[in-house]
1. What is the magnitude of the charge dipole of the range 230-305 about its Cα centre, with +1 placed on the Cβ of each Lys and Arg, -1 on the Cβ of each Asp and Glu, and no other charges, expressed in debye to the nearest 20?
2. State in Å² the accessible area per residue of the range 1-111; use a 1.4 Å probe, count heavy atoms of protein chains only, and round to the nearest integer.
3. Taking 0.36 nm per residue of separation and subtracting the Cα-Cα distance, what length does fully extending GLU3 through ILE69 add?
4. In percent, what relative contact order does the range 8-152 have, based on Cα pairs under 8 Å that are 6 or more apart in sequence?
5. Could you sort 2-10, 179-187 so that the peptide with the highest average Cβ count within 10 Å comes first and the rest follow in order?
6. Out of all DSSP beta bridges in the chain, what portion is antiparallel? Express it as a percent rounded to 5.
7. For the range 208-348, which whole-number percentage of the solvent-accessible area (1.4 Å probe, protein heavy atoms only) is attributable to carbon and sulfur atoms?
8. If you take every residue apart from GLN106 with its C-beta less than 15 Å away from the C-beta of GLN106, what net charge results, scoring Lys and Arg +1 and Asp and Glu -1?
Amino acid sequence: MTETLLLTPTEENLALAARALREGQLVGMPTETVYGLGANALDEDAVRAIFAAKGRPADNPLIVHVPDIASAEPLCCIDERSRRVMTHFCPGPLTVLLPKKPIIPQVVNAGLPSVAIRIPAHPIARRLLELSGVPVAAPSANTSGKPSPTTARHVYDDLAGKLTCIIDGGECQVGLESTVLDLTREVPTVLRPGGITPDMLLEVLDEVAVADSVLRPLQKGEKALSPGMLYKHYAPKGMLSLVSGSAEAVAGKIRRLYGEAAQLGKTVQVLAFQEHLNAYKGLNTKCIGSLAAPETVAHSLFATLRQADAEGIDVLYSEVLPAEGVGLAVMNRLSRAAGFRTIEADEE
Ligand code: AMP
Ligand code: MG
């Protein structure tokens, strides 16, 4: 057990965190997506400590963070197409899979031929990377399986005692993890949707595929393109179900299910869009953002799920939105948080 320091992002504190990284220790850092649990990617023991702290399966590879394309060159092979994508979207909430160079220890990328590279846009993350002078392997800074952390407090709640310090950069702007784009395939393929949408990627690519498993569980025997998709993910402690259909039918269905669960003595919560809050008057309801602006849902989703845990909610019912644009990323996380439990409200 180490005492974990919660630090404001002063230059002095960032220098201290950078030194901790160089010395093989673990550091919690804000990024524009979610908070990361960082370690020197070239230090095998430090990387192993990340897996131990999170309880993360060893076959789920990590993303390596660098401040710029030049710092990525020694780590991976960047062809003309990849360079075009990176020049356009980095720094930003995009992770690219590229053929790895030998310097990357196998423990970082679970022995795969590719390595995941990200250049974050968050000024604090960027400064920390510059000061550390090492590539930083950083998964989301949560206990494996739980919703990802979007505040320094979330990181502290999950991992206090397991890392040296956490830099407090306030709330993460995007709120969901980066888009993971596999550039080692002939057709660039989105393995995990995020703030950079397939339509945005088409601005610089002729073709973009989206992995089938983005919106459904893997079938028995199906090989995961991205090992992270295999695991239970983002789940609150309470039992979350998604309810889909026309707005009116959804509200009716949720009101009925809410009543039944409450009768059984359960603590229940509705997750609803701003536009529909009126339909749930009198029920314990949390606004999850605006249907018209999916990025607001992305921003608050994980914090809402964590808050439900803190309030001891047993049963949650959530509205859904179209899986388009940033909505695709929201539905990818929400479906997994619900273990793919979806109730059709129109079928009655
Ligand atoms: P996290 O670090 O928690 O944001 O998760 C990183 C995601 O990127 C997981 O879903 C990983 O499986 C995926 N990932 C990282 N590196 C690779 C790789 N080399 N090949 C395929 N997926 C990867
Ligand atoms: Mg994660």
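1. On the way: 8 positive and 4 negative charges, 64 e Å.
Value, rounded to 20: 300 debye.
2. Details: 4550 Å² over 111 residues.
Per residue, the range 1-111 has 41 Å² of solvent-accessible surface.
3. That pair, GLU3 and ILE69, stretches by 20.3 nm at full extension.
4. On the way: 284 pairs, mean separation 53.8, N = 145.
With pairs under 8 Å counted, the relative contact order is 37 percent.
5. Result, highest mean Cβ count within 10 Å first: 179-187, 2-10.
6. 40 percent
7. Working: 3470 of 6640 Å².
C and S fraction of accessible area: 52 percent.
8. Here the charged neighbours net out to -1.
The values are calculated or read from the model by the stated rules, or taken from the named source; none is laboratory data. These figures come from a predicted structure and were not determined experimentally. We place every Cβ from the backbone using ideal geometry, glycine too, and count neighbours over all the protein chains shown. Note: accessible area is taken over every heavy atom of the protein model, side chains too, but ligands, DNA and RNA are not part of it. Shrake-Rupley method; radii C 1.70, N 1.55, O 1.52, S 1.80 Å.
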